[in-house]
Each structure stands twice: as structure tokens, then as C-alpha cells.
Amino acid sequence: MKNEFTAIIKKEDDWWIGWVEEVSGANAQEKTKEELLISLKEAVKDIIELRREEARRQAKNNYEEITFAI
């Protein structure tokens with residue numbers, strides 16, 4: 001399954017800044033556009049993994065995981 005996200009990016013003075021529309025908290029600031037995109041991808045991965053861990057902790061036990069695509 002391939003996930004696609006939308007990054008909003010712009011150049012402000014000497015910095016590239018950006019955030020991901022679909023993932024609250026996924027934002028970054030870097031010196032180059034390429035570095036910014038790498039940082040945004042890592043931010044999305046990290047946030048999704050943290051949210052997965054939190055969801056599993058909240059479920060505690062006797063739960064089922066079902067993968068689905070939209």
C-alpha cells in the first residue's frame with residue numbers, strides 16, 4: 001500500500017519551511033528544499049509510528065488490528 005501526502009512548502013529568507021496537510025504536527029524548516037522534503041517525510045513516519053504505539057497502549061489487550069485502504 002502506498003500512502004500519499006501533500007506538503008505545503010515555501011522559501012522564507014534563507015530557509016525552506018513546510019508542513020504536511022494530512023498530518024497535524026508534521027512540519028520542518030531546512031536550508032534546502034531537498035533537506036526539507038526529507039525532514040517532512042521523517043516527521044510523518046515518526047508521528048504515525050507514535051500514534052500507532054499510543055493506539056495500542058490505549059487498547060491494552062484483546063484487540064484486533066485490521067489494515068484497510070481508502
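The values are calculated or read from the model by the stated rules, or taken from the named source; none is laboratory data. Please read all numbers here as calculations on a predicted model, not as lab measurements. Because the Cβ atoms are built from the backbone with ideal geometry, glycine has one as well, and the counts that use them run over all protein chains shown. When the accessible area is computed, the model is the full protein with side chains, heavy atoms only, and any ligands, DNA or RNA have been set aside. Shrake-Rupley method; radii C 1.70, N 1.55, O 1.52, S 1.80 Å.
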Reachable lysines, given that their alpha-carbon falls under 16 Å from the alpha-carbon of Lys33 and they are not under 8 places away in the same chain: Lys10, Lys11, Lys41
By accessible area with a 1.4 Å probe, ligands and nucleic acids excluded, highest first: order of Leu37, Leu50: Leu50, Leu37
Percent carbon-and-sulfur accessible area, the chain, ignoring ligands, DNA and RNA, probe 1.4 Å: 49
Value at 222 nm in deg cm²/dmol, rounded to 500, when DSSP H runs of n ≥ 4 in the chain each add -39,500 (n - 2.57): -14000 deg cm²/dmol
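Taking the Cβ-Cβ separation of Lys10 and Glu42 as r and a Förster radius of 22 Å, what is the calculated FRET efficiency to the nearest 0.05?
Given R0 = 22 Å and the Cβ-Cβ separation, E is 0.70.
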Phi-based couplings in Hz for region 54-70 (Karplus 6.51, -1.76, 1.60; Gly and Pro marked x): 5, 4, 5, 5, 5, 6, 6, 7, 6, 10, 10, 9, 10, 8, 9, 10, 10
By accessible area with a 1.4 Å probe, ligands and nucleic acids excluded, highest first: order of Lys2, Lys45: Lys2, Lys45
Label of the coordinate-derived value, Rg and Dmax of the Cα atoms in Å, listed as (i) 15.2, 42; (ii) 15.3, 52; (iii) 15.1, 54: (ii)
